[in-house]
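One structure coming up, written as structure tokens, with questions to follow.
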Amino acid sequence: MKKIIKFLSSLKLTAILVILLVAIMLTGGFLTRWDSIYYGFKEMNNLITLDWFLNHQSHNTAILIWFVVLCATAVLFGINMVLCSFDNLLRVSIKRKNLKNITLFVVHIVFVIILSMHALVLVIGYKQGGIVLTENETYKLKDGYELKLEEIKFIDNKALLKGDKKSHRLEMTLDSFHYKENYAKLTLYKDNKEIVRGEAYIFQPIFGEGFQITLDKFIMDKKTKQPAVIITVGKNPLTWIFFVFYGLGIITMLAYLVVRWKFQITRSK
Amino acid sequence: MTENLSLSLFCCTLFLLTINVLLAILKKKKINLIFGFITLLSVLIAVINIYLQSGHLPMSGTFEKMQNMVLIIVLLGLIYEFINRKKDINAPEFWIIAVIFQTLAFFDELKVDPMFYMYDNIFVAMFFQLRLISIAVLSFSVSMYLTSLKLETGTDEKSFMMHHAANFTLLGAILFIAGEFSGSMWAQLAYGDSWRWSKNFFTSGAMFLLALLGSHLAPSWIKNKNVQILLSIIPLLIIIILFLT
């Protein structure tokens, strides 16, 4: 048992797992060259990852295998990080009692929390993305929720919404697309009772009752030839706590760098 | 007018960088430092001109991002040269890397991006800027490792350069993850989630892990200092290639 723990907490395993994770990530990026996989990943973004994994009807086999391998490696990496932090870094911090080792230990602990939160954000809460709505249209969400688009205000040239993906992006300059003035007025109902109402702008979602209603983009409705919107509805209690720890992670890394830098200068004198 | 000016400044910087490379190779330290500051001024004016011309800081266009990165590399290099002017370390590597980056702009159109609406958002701007700065810092770290490779093993200079190269790698990683933080905020506000299952997010994840790989290779595994240096450089080169492609 001691041998297993020693192996699981070793720096050698860390290096191997980091290289493996890099390879997996790059493979994932490479796989998106195939249309079926590209759209498969796109569908993954529409749901909480756990919901996608458990309920989605048409899993792409390549994505599924890739995802399982990624999760297994990430779990092993998490275990290695926890054991390495407590078995090696904490022990060294207590033994040597210098600021450099203590900061290094803190950096690792904060990153263990960030990793755990990242994993939790992917499995808890609710998310439904890719909701296409035209004016006065309603979309039924689960658990008796309903989203209604009351109004779209789009003051710019509608031809802007007709182009293909690349030209669409290139034409969206600040002069041609007034993102602070175009909006979608939305209402969220629970069992026919209004719970959230507001105007969603690009980069400015509606927040209320724990929900975030995000306006992804404006598109052209092919049937009515009028602007439509793509909406994402999400609810995740951990999102903003995750961001706090993310920021804390950066600050602790910076603190470690300062301590490390100074220590070396002192020694070289 | 401003477009012509940005092209002229770009060419002027390229010319000055080439002179600096030659001076550094010829070990003309004093003249190199003077020319270096003129080069810094030239590239600084070029970046300011990009801002005045387009209304945004250098973001994703090759022409603008290369000049922004050259500015950071030259700035760091000159600070280092100035601080260590009495030490016997000749470091033309950062000039060579700067000239390579400036030349890479020729692989794309030599023009500045228009002001896309998303550039107006603080998190988008921070994401691109921090990423640019982090890659420039990591490139500077590569130049330091390359300099240390030439120095004699066991000397204080070699240990000094290796230690500071590792510091700059860590600084690059911190700036990179700060950029990712901004990117996650951008994704949260624009798409309703901090994480996206997409090629860009996978590549970013890989780049961050690669930046930390060097510091997770225990020195006790490889005794040879030059092999240690090479193993630290390889992940950084992969990051730079991923960024450029």
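Looking at (1) over 22 Å from B:Ser8 (Cβ atoms); (2) among the β-branched types (Val, Ile, Thr); (3) part of a helix (DSSP H, G or I), can you tell me which one B:Thr39 breaks?
If we test B:Thr39 against (1) over 22 Å from B:Ser8 (Cβ atoms); (2) among the β-branched types (Val, Ile, Thr); (3) part of a helix (DSSP H, G or I), just (1) comes out false.
Would you pick out the residues in region A:222-244 that are over 14 Å from the mean Cα position of the chain (by Cα) and part of a loop (DSSP other than H, G, I, E, B)?
A:Lys222, A:Lys223, A:Thr224, A:Lys225, A:Gln226
A follow-up question, please. Any residue at all in region B:61-68 that is farther than 25 Å from B:Gly183 by Cα, in contact with a Leu (Cβ under 8 Å, 6 or more places away or on another chain) and in a helix (DSSP H, G or I)?
no
Moving on to the next point. Residue check: is A:Gly198 within 14 Å of chain B (Cβ to nearest Cβ), part of a strand (DSSP E or B) and small (Gly, Ala, Ser)?
Here the answer is no, as A:Gly198 does not meet what is asked.
Still on this model: For region B:128-142, give me the residue count where each residue is surrounded by fewer than 24 Cβ atoms within 10 Å (Cβ to Cβ) and hydroxyl-bearing (Ser, Thr, Tyr).
Of the residues in that region, 0 qualify.
Give me the residue from region B:127-160 that is of a type in the set (Val, Ile, Thr) and part of a helix (DSSP H, G or I) and, out of that set, nearest to the other protein chains (Cβ to nearest Cβ).
B:Val137
Residues in region B:201-220 that are within 8 Å of another protein chain (Cβ to nearest Cβ), of a type outside the set (Ser, Thr, Tyr) and surrounded by fewer than 21 Cβ atoms within 10 Å (Cβ to Cβ): how many?
Going through region B:201-220 one residue at a time, the tally reaches 5.
Residues in region B:74-96: is at least one of a type in the set (Ser, Thr, Tyr) and more than 14 Å from B:Phe140 (Cβ to Cβ)? Reasoning before the result, please.
In the first step, residues of region B:74-96 are kept if they are of a type in the set (Ser, Thr, Tyr); the result is B:80.
Narrowing the set further to residues that are more than 14 Å from B:Phe140 (Cβ to Cβ) leaves none.
Taking every residue of region B:74-96 in turn, none turns out to be of a type in the set (Ser, Thr, Tyr) and more than 14 Å from B:Phe140 (Cβ to Cβ).
If you don't mind, there's one more thing I want to ask. Within region B:3-23, work out how many residues are touching a Gly at 6+ places or on another chain (Cβ under 9 Å) and of a type in the set (A, V, I, L, M, F, W, C).
Residues flagged as touching a Gly at 6+ places or on another chain (Cβ under 9 Å) and of a type in the set (A, V, I, L, M, F, W, C) within region B:3-23 amount to 2.
Exactly one condition in (1) under 20 Å from B:Gly192 (Cβ atoms); (2) loosely packed, with under 15 Cβ neighbours inside 10 Å; (3) modelled with pLDDT of 90 or more; (4) of a type in the set (Lys, Arg) is false for A:Lys153; which is it?
For A:Lys153, the failing item is (1).
Now, a different point. Residues in region A:99-143 that are within 30 Å of A:Ile251 (Cα to Cα), out of contact with any Gly (no Cβ under 9 Å at 6 or more places or on another chain) and not charged (D, E, K, R): how many?
16
Something else about it: Going by what's in this entry, would A:Ile79 be described as among the hydrophobic types (A, V, I, L, M, F, W, C), without any contact (Cβ under 8 Å) to a residue 12 or more places away in the chain and outside the structural domain of A:Tyr145 (by TED's automatic domain parsing)?
no
Which one of these is loosely packed, with under 13 Cβ neighbours inside 10 Å and at negative phi: A:Ile16, A:Ile5?
Working: A:Ile16 fails: loosely packed, with under 13 Cβ neighbours inside 10 Å.
The unique qualifying residue is A:Ile5.
The values are calculated or read from the model by the stated rules, or taken from the named source; none is laboratory data. These numbers come from a predicted model, not from an experiment. Cβ: placed from backbone, ideal geometry, glycine included. Neighbour counts: every protein chain shown.
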